[in-house]
Each structure stands twice: as structure tokens, then as C-alpha cells.
Amino acid sequence: MKYLVHLSRIIVGILFIISGLIKLNDPIGFSFKLEEYFSEGVLNIPFLVPFALAIAVFVVVFEVVLGVALLLGFKPKWTVWSLLLMIVFFTFLTFYSAYFNKVTDCGCFGDALKLTPWESFTKDVILLFFILILFFNQKKINPLLKSMPNALTVFVAYSLCLFMGYWVLNHLPLKDFRAYKIGTNIQKGMEFPKDAPRSVYEMNFVYKVGGKEQNFGEKDLMSLPAGAEFVRREDKLISQGYVPPIHDFTIELDGQDFTEEMLNAPKVIMLISYDLKKAKSEGLAKLEAFSQKAQKKGYKVLGMTASPIEDIAKFRQENGITFDYYFCDATTLKTIERANPSIVVLHKGTIVDKKHWNDIEDVKL
């Protein structure tokens with residue numbers, strides 16, 4: 001049992017540290033995932049949405065500190081109880097997501113490693129098994145160092161996590177695991193290989209018959225009852241096929257698609273704000289001057305947002321903005337860049353630079 005406790009201690013400690021650091025590298029991305037969990041369609045606790053980022057930072061820092069504390073054997077009772085409560089909560093969350101098919105990716109390892117809901121649940125069950133071993137054998141968890149050095153090491157780990165969180169929130173993730181990282185060609189990211197498997201759907205058609213809605217399959221359409229009134233079509237995914245890394249990127253203005261034109265242009269700068277109302281005012285104030293500077297050097301400057309036309313018009317008028325804002329899906333813009341606003345430089349569809357608004361002066365034109 002002694003060796004099993006040591007093995008459990010190492011596995012749990014290392015996994016918590018790795019998982020926490022990956023999410024701490026991109027706490028805004030993790031906060032988007034928490035917002036999805038808090039939404040009305042999932043856990044129905046929308047009042048927590050405004051606090052998602054603060055909760056995200058707290059959770060990931062706590063996760064790393066617990067992993068370090070476990071490996072060091074620092075306050076084993078407090079550490080193991082904290083680990084148990086956390087893993088029980090996450091196990092419930094991943095089971096709920098998997099069983100009810102609510103959230104397709106738990107965000108356990110950020111964008112570095114995508115897990116399906118059932119894979120996430122399985123991972124948490126395995127971790128729960130090892131943590132229960134530690135819980136029932138707390139007396140076998142001995143400290144690696146003396147009391148003061150142990151506490152100091154945990155405090156240093158906590159301080160470094162806070163500094164890392166502060167840095168990435170005010171700049172960009174230290175390591176970009178997303179599909180839109182520097183060096184990515186967006187056109188190639190959207191390509192669909194000829195031999196790639198296609199998604200298979202089952203189509204169901206809902207008709208109103210005698211005042212009641214009834215479902216009909218494709219084969220039943222040739223023998224619909226007289227007077228059947230079409231209501232809607234429902235497509236059920238049977239098997240997921242290949243999904244390109246980039247599959248939802250568009251550049252639209254007044255109903256026209258400019259995606260191909262802009263991705264073929266040699267010098268394009270996208271100023272991204274997925275929601276202008278949530279964008280940092282300090283960052284927005286820097287955009288017009290930067291836009292003028294970029295245009296003088298031959299760049300086509302595009303504002304990119306998912307905000308409604310009314311919000312765009314009001315924002316441009318209040319801030320004296322001269323460049324146009326094009327529409328793109330909010331989730332896509334959140335994926336491209338975490339800062340709001342942020343700067344992305346393109347050369348014929350290839351991302352050559354990305355910057356947080358705090359670093360707008362460092363963009364090389």
C-alpha cells in the first residue's frame with residue numbers, strides 16, 4: 001500500500017500541475033468555457049457569468065498549488081480534502097456534460113489537448129480513484145522538506161502562478177495552442193481532404209397532422225397523410241466526420257462575403273473586438289491612431305466584431321473611427337485572440353503577428 005500511495009501522490013500531483021498550468025497559460029479561454037457551463041442551457045446559473053474570469057484564475061492557481069502541495073507533502077489533510085472536493089465537483093460536471101451532451105469540450109487541458117465529454121469523465125473517475133487512495137492513507141503522506149522550506153516552496157509556487165496569470169492577462173498566452181497561432185495559413189486550415197470521412201446525419205421532418213406534430217423520416221415523405229403541414233426539419237448527428245481546424249472563419253460586410261479577397265491580400269491587419277461593449281476602453285482608444293499609421297504603410301485595416309450594427313455605428317461615432325467593422329462569429333473571434341481588442345497581422349492569409357492591445361506599439365509594420 002505504501003508504494004501505491006506514493007504512485008497516487010505522483011500521478012495526481014503532476015496531473016494537477018500540468019492541467020492547471022495549461023489553463024493558467026490561457027485563463028481567458030478557460031473563463032469562456034466556464035461561461036458556457038454557467039449558461040441557462042447548461043447549469044442555469046447565469047449570475048456567475050460576470051465573475052467567470054475571476055473564478056477561472058482562482059481555480060487554475062488553486063489547482064497548481066494543490067499539485068505542488070501534494071508532491072511536497074505540505075499539510076496533507078488540507079491538501080487531500082481540497083483535492084477530493086475539487087475532483088468530486090469536476091467528476092459531477094463532466095458526467096453531467098457527457099450524459100446530457102451539454103458541453104462538448106470540458107476545457108480540462110485548454111486547447112492543448114481536446115477531450116470528448118466521456119473521455120473527460122473517465123479521466124476524472126481515474127483521478128478520483130487515486131485521490132481516494134490518498135484520502136484513506138493520509139498518514140502515509142510524509143513531507144519532503146522541513147516545515148518552513150515546505151511552506152516557502154508552496155508560497156513561491158503560488159506567487160509565480162499569480163505573476164504568470166497577471167502576465168498572460170495583460171499580454172497574450174505564453175504558448176498558443178489554438179488553430180490561429182502565428183504561422184498558420186487560414187486557407188489551408190479550412191481545407192477538407194478528399195479522403196476525409198464525412199459527418200453522417202439522420203434527417204427527421206416534423207409535420208402537423210390533425211393538429212398534432214409527428215416525426216417522419218426521409219423514406220416516409222412519399223406517403224405523408226393528406227393535409228400534413230410542414231413545421232421544421234431536425235438533423236441528428238449519427239457519426240462525426242472530419243472537422244477542419246478552421247471551419248467558421250468569415251469576413252462579411254453589409255451581407256457581402258469578403259473572406260477570399262482579404263485572405264489573398266498581401267498586407268491586412270485585423271483589429272478584433274468580439275463584443276465592442278465588453279472591449280477595454282484604453283485599448284479601443286489606441287485603434288484609430290494605429291489604423292492611420294498602418295494604412296500609410298499600405299495595410300488594409302479591418303475591424304472585426306460580432307456586435308450588432310447599431311453598436312458599431314455608435315462606437316465609430318463616439319470614438320471617431322474611420323475604418324470599417326466587418327462581421328465574424330463571436331466564438332471564432334474569441335478563438336483567434338483572447339484580448340479585447342487585439343491586433344492580428346495577415347500576409348496572404350498567413351498570420352504573421354498577434355498582439356494584445358497593451359503591446360500595440362510593438363506591432364512591426
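Of note:
- Residue that is surrounded by the fewest Cβ atoms within 10 Å (Cβ to Cβ) [pool: residues in segment 233-268 that are closer than 15 Å to LEU333 by Cβ and of a type in the set (Ser, Thr, Tyr)]: THR250
- Count of segment 92-111 residues which are in contact with a helix residue (DSSP H, G or I) (Cβ under 6 Å, 6 or more places away or on another chain), open to solvent by less than 20 Å² (accessible area, probe 1.4 Å) and not in a loop (DSSP other than H, G, I, E, B): 3
- Residue in segment 197-205 that is out of contact with any strand residue (DSSP E or B) (no Cβ under 7 Å at 6 or more places or on another chain) and closer than 23 Å to VAL268 by Cα present: no
- Within segment 59-77, the set of residues being over 19 Å from LEU15 (Cβ atoms) and assigned to a helix (DSSP H, G or I) comprises LYS77 only.
- Pairs where the first residue, in segment 117-140, is outside any helix (DSSP H, G or I) and the second is β-branched (Val, Ile, Thr) and open to solvent by less than 40 Å² (accessible area, probe 1.4 Å), C-beta under 6 Å, 6+ apart: ASN137/VAL5
- For segment 55-72, filtered to residues that are of a type outside the set (A, V, I, L, M) and out of contact with any Phe, Trp or Tyr (no Cβ under 7 Å at 6 or more places or on another chain), the residue that is surrounded by the fewest Cβ atoms within 10 Å (Cβ to Cβ) is PHE58.
- Tally, over segment 175-221, of residues that are in contact (Cβ under 8 Å) with a residue 60 or more places away in the chain and surrounded by fewer than 12 Cβ atoms within 10 Å (Cβ to Cβ): 1
- Just one of the numbered conditions (1) out of contact with any Gly (no Cβ under 7 Å at 6 or more places or on another chain); (2) open to solvent by 40 Å² or more (accessible area, probe 1.4 Å) is not true of THR332: (2).
The values are calculated or read from the model by the stated rules, or taken from the named source; none is laboratory data. Given the structure is predicted, the values throughout are model-derived calculations rather than measurements. All Cβ positions, glycine included, derive from the backbone under ideal geometry; neighbour counts span all protein chains shown. For the accessible areas, the whole protein counts, side chains as well, though only heavy atoms, and no ligand, DNA or RNA atoms are used. Shrake-Rupley method; radii C 1.70, N 1.55, O 1.52, S 1.80 Å.
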